[in-house]
Amino acid sequence: MLLKLFSFCKYFYSQIIKINPSNYEAYNNRGYAFASIGGHSEAIKDYSRALTINSDSINTYLNRGISYIHVEEYQKAIADFNSVIQLDSHCNKAIAIDSEQPDFYNNRARFFMEINSYYKALKDFHKAAHLLIEDGNTQGYQRMMEQINQLNY
């Protein structure tokens, strides 16, 4: 059922792109449809095209970063996550977009760990902990402190 839905979405957004090739949202949404059925390479192409049209799209950088993770291009994922953080320094928009992982610095830190960049990971975990405590999210803060303690050992 989902495969049919995302196939329809790809078709629908392709038609919008034919009518208006400058519609960055159509590229972003078609990319999301590709990514939802495992087509991350195709999704990256659409996200990249969307960003040539609108380089301020936090949602598109976030989506492309996630697709880069799936194709194991961690440096490119980190670059996209850095772009999100530059565009939204407190990650409010990124958090709203990606509610399953409410702490964007935590995401970036995990990928720094993947590439053995522990100092940068620790720095992002600390930033995440700071933002969580500012928001009154004590459970998130405690989880973040556990991550930090694991790095310190």
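Computed from the coordinates by the stated procedures, all read-outs in this text should not be read as laboratory data. Bear in mind that the values here come from a model prediction, so they are computed numbers and not experimental data. With ideal geometry, Cβ positions are generated from the backbone for all residues, glycine too; neighbour counts draw on all protein chains shown.
Sort out which residues of the range 41-75 are buried (at least 24 other Cβ atoms within 10 Å of the Cβ) and not aliphatic (A, V, I, L, M), and write them in order of number.
Asp46, Tyr47, Thr60, Tyr61, Asn63, Arg64, Gly65, Ser67
If the Cβ limit is 6 Å and pairs must be 6+ apart or interchain, which residue in the range 120-136 that is under 21 Å from Ala79 (Cβ atoms) and touching a residue at least 24 places away in the same chain (Cβ under 8 Å) pairs with which residue that is among the β-branched types (Val, Ile, Thr) and part of a helix (DSSP H, G or I)?
Phe125/Ile148
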